[in-house]
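The values are calculated or read from the model by the stated rules, or taken from the named source; none is laboratory data. Since the structure is predicted, the reported quantities are computational estimates derived from the model, not experimental observations. Positions of Cβ are backbone-derived with ideal geometry, glycine not excepted, and every protein chain shown enters the neighbour counts. Ligands, DNA and RNA are excluded from the accessible area calculation, which covers all protein heavy atoms including side chains. Shrake-Rupley method; radii C 1.70, N 1.55, O 1.52, S 1.80 Å.
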Amino acid sequence: MSTTTLTRNKREDGDGSVQVKMDPKLKIEGAKVFAVYGKGGIGKSTTSSNLSVAFSKMGKRVLQIGCDPKHDSTYTLTKRLVPTVIDALEDVDFHSEELEVEDFVYEGYNGVRCVEAGGPPAGTGCGGYVVGQTVKLLKEHHLLEETDVVIFDVLGDVVCGGFAAPLQHADKALIVTANDFDSIFAMNRIIGAIKAKSKNYNVRLGGCIANRSETTDQLDKFNAATGLETKARFPQLDAIRRSRLKKAVLFEMADTEPELKPVIDEYMKLAETLYAGGDPLDANPLRDRDIFDLLGYE
């Protein structure tokens with residue numbers, strides 16, 4: 001076999017991946033780092049923001065990083081669409097040494113620090129580059145040294161290495177899902193991405209979060225078949241939907257929305273469980289056909 005063939009077949013960054021390896025200097029040290037994934041529109045930002053607040057209620061110093069060009073991950077924390085890291089870099093012609101902390105970090109509810117990575121214009125660039133530049137800026141300004149918990153809120157399904165870039169930094173990956181086929185199908189792909197990254201990075205699967213789910217029968221079937229576990233469940237409540245319209249996290253609405261108290265209690269329990277650590281899950285994704293067969297599709 002030729003040297004060229006050996007080089008081409010070598011897998012540096014997870015099985016089948018051709019993504020450039022993470023710069024070791026960008027490793028996040030000290031903080032517990034979580035990456036939140038899930039199908040588009042499943043409620044990742046609502047989940048991430050309220051989980052950030054729950055950690056802050058535990059007295060932890062929290063940093064939430066939105067990794068979506070829509071840059072609305074921290075909307076309910078800051079009550080506005082804050083400028084992104086890419087916006088800030090463009091303003092100084094990408095001379096990052098000219099940036100100050102206040103140019104890209106914003107304080108949200110209960111002291112949660114908020115960053116929106118943003119993204120390149122549609123059809124250009126890579127989300128992985130944006131995540132890398134964001135972590136680089138945070139390290140240059142020593143912000144990660146003053147943080148106990150970092151939450152990456154990541155866009156949609158994992159279809160390329162750029163979307164998977166936060167997994168290079170995370171300790172645990174969490175998947176937000178609903179009790180339906182499409183959400184579970186996307187989650188199955190994300191499990192595969194996490195396993196691929198875990199071969200070269202410290203990230204491990206932390207479990208799934210059932211959102212907008214009164215029942216979990218389909219999810220329970222999938223968990224039993226793959227080895228996944230549900231860490232929390234949040235029901236379909238109109239008050240949760242309205243929180244985005246009110247620009248408010250659920251913790252702010254509890255006094256006027258009594259139905260949210262058990263939801264807030266669930267967030268606090270989830271935060272405590274995650275911070276305590278515990279063994280990672282060794283779930284194995286299913287083949288596409290097997291998911292159809294498992295969940296009752298003909």
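What does the C-alpha gyration tensor say about the overall shape of the stretch 195-241? Classify as rounded when a/c is under 1.5, otherwise prolate if a/b is larger than b/c, or oblate. Cα axes put the stretch 195-241 in the oblate bin. Placing pseudo-labels 7 Å out from each Cα toward the beta carbon at ASN202 and THR215 gives an inter-label distance of 4.2 nm. Determine the shape class of the stretch 165-298: with a ≥ b ≥ c the square roots of the Cα gyration tensor eigenvalues, call it rounded for a/c under 1.5, and otherwise prolate if a/b is greater than b/c, oblate otherwise. Because a/c hits 1.5 or more and a/b fails to exceed b/c, the stretch 165-298 counts as oblate. For ARG204, the residues whose amide H sits under 5 Å from its own are LYS172, ALA173, ignoring neighbours fewer than 5 places away on the same chain, with H placed 1.01 Å from N. Accessible area per residue was computed with a 1.4 Å probe on protein heavy atoms; TYR106 scores about 40 Å².
Full-extension gain between ALA254 and ASP87, please, as 0.36 nm times their residue separation minus the C-alpha to C-alpha distance.
On the way: separation 167, 0.36 × 167 = 60.12 nm, distance 3.44 nm.
Difference between extended and current length: 56.7 nm.
With all protein chains in place and a 1.4 Å probe, the accessible surface of the stretch 159-298 carries 48 percent carbon and sulfur. Taking amide H as placed 1.01 Å from N in the peptide plane, the amide H of VAL176 sits under 5 Å from that of TYR37, GLY38, ILE209, each at least 5 places away or on another chain.
Just to confirm a number: summing +1 for Lys and Arg and -1 for Asp and Glu over residues other than SER96 whose beta-carbon lies under 9 angstrom from that of SER96, what do you get? Once positives and negatives cancel, what remains is -2. The label-point distance for GLU107 and ASP290, in a model that sets each label 7 Å from Cα toward Cβ, rounds to 5.0 nm. Annotation: LEU294 carries an accessible surface of approximately 50 Å², with a 1.4 Å probe and no ligand, DNA or RNA atoms counted. The stretch 192-254 and the stretch 256-298 have their alpha-carbon centroids 4 Å apart.
Using only the Cα atoms of the stretch 232-298, build the gyration tensor, take square roots of its eigenvalues as a ≥ b ≥ c, and label the shape rounded, prolate or oblate: rounded if a/c is under 1.5, else prolate if a/b is larger than b/c, else oblate. All intermediate terms of the calculation are to be shown ahead of the outcome.
On the way: a/c = 3.38, a/b = 1.61, b/c = 2.09.
Oblate.
For a modelled paramagnetic label at GLU98, 7 Å from Cα along Cα-to-Cβ, the residues of the stretch 136-155 in reach, with backbone nitrogen under 19 Å, are 137-138, 140-141. Can you flag which of LYS231/LYS261; LYS70/LYS139; LYS60/LYS139; LYS57/LYS195; LYS136/LYS221 are past 30 Å Cα-Cα? Beyond 30 Å: LYS57/LYS195; LYS136/LYS221.
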